[in-house]
Each structure stands twice: as structure tokens, then as C-alpha cells.
Amino acid sequence: MHDFAAASGKGGRTFRGPWGESVSPNITPDPGAGLGAWSDDEIKRAITQGIARDGHKLKPPMAYAAYASMTAQDLDAIVAFLRTLRARN
């Protein structure tokens with residue numbers, strides 16, 4: 001049995017589709033494994049444009065096109081929430 005609460009935000013789940021395989025990233029504030037070293041603007045760009053901190057394009061199932069029209073206030077709220085997660089690596 002998987003303990004989802006203990007792994008919340010840690011990533012590592014593999015998704016397979018017509019694009020190939022992608023692995024969910026760590027979205028916790030861990031500075032090495034997660035978003036801890038990312039700026040708020042880098043996180044917002046990943047959410048709305050599908051571009052990672054290092055510039056590579058994020059693969060599906062990241063639905064950045066669906067998030068592209070989010071309001072600045074909503075994006076700020078998402079980033080603030082992500083910053084509250086427990087860091088995991």
C-alpha cells in the first residue's frame with residue numbers, strides 16, 4: 001500500500017502516453033530535489049507555459065495550456081500553496 005500523505009508532492013510517478021514517458025517532478029520546497037531554488041516567476045512559467053527552470057519543455061500530462069489563462073492572483077495563490085508543502089527528497 002502506498003502512503004500518499006507521506007509522499008505528497010514528492011513526484012516520481014511515471015506517466016505513459018503517445019508522447020512517451022514522463023515522470024512527475026518534485027513540487028515541494030526542497031532546494032535540491034524540488035522547487036525550493038526556483039523563483040516564483042519560474043514556477044509560474046512552468047505552470048502556464050510548460051517551461052522548466054532550466055528551459056526544457058515539460059511533457060504531458062502537464063496541462064499548462066489549460067492554466068495559461070489563469071489570473072495573476074490565482075497563480076500567486078498556487079505558488080504560495082506550493083511553498084507551504086513539506087520539503088521532501
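Please treat every number below as a calculation from the coordinates, not as lab data. Note that the coordinates shown come from a computational prediction; the quantities given were computed from them, not determined experimentally. For neighbour counting, all protein chains shown are included, and Cβ atoms are generated from backbone atoms with ideal geometry for every residue, glycine included.
Arrange Asp40, Asp74, Asp30 by Cβ neighbour counts within 10 Å, fewest through most, would you?
Values: Asp40 15, Asp74 12, Asp30 18.
Starting with the residue having the fewest Cβ neighbours, the order is Asp74, Asp40, Asp30.
For the chain, chymotrypsin sites (Phe, Trp or Tyr not before Pro) are listed when DSSP marks them as loop and at most 14 other Cβ atoms sit within 10 Å of their Cβ; the list is Phe4, Trp19. Taking a ≥ b ≥ c as the square roots of the Cα gyration tensor eigenvalues, the chain comes out oblate, since a/c reaches at least 1.5 and a/b does not exceed b/c. Sparse packing (at most 15 other Cβ atoms within 10 Å of the Cβ) combined with a DSSP loop state is found for the following trypsin sites (Lys or Arg not before Pro) in the chain: Arg13, Arg53, Arg86.
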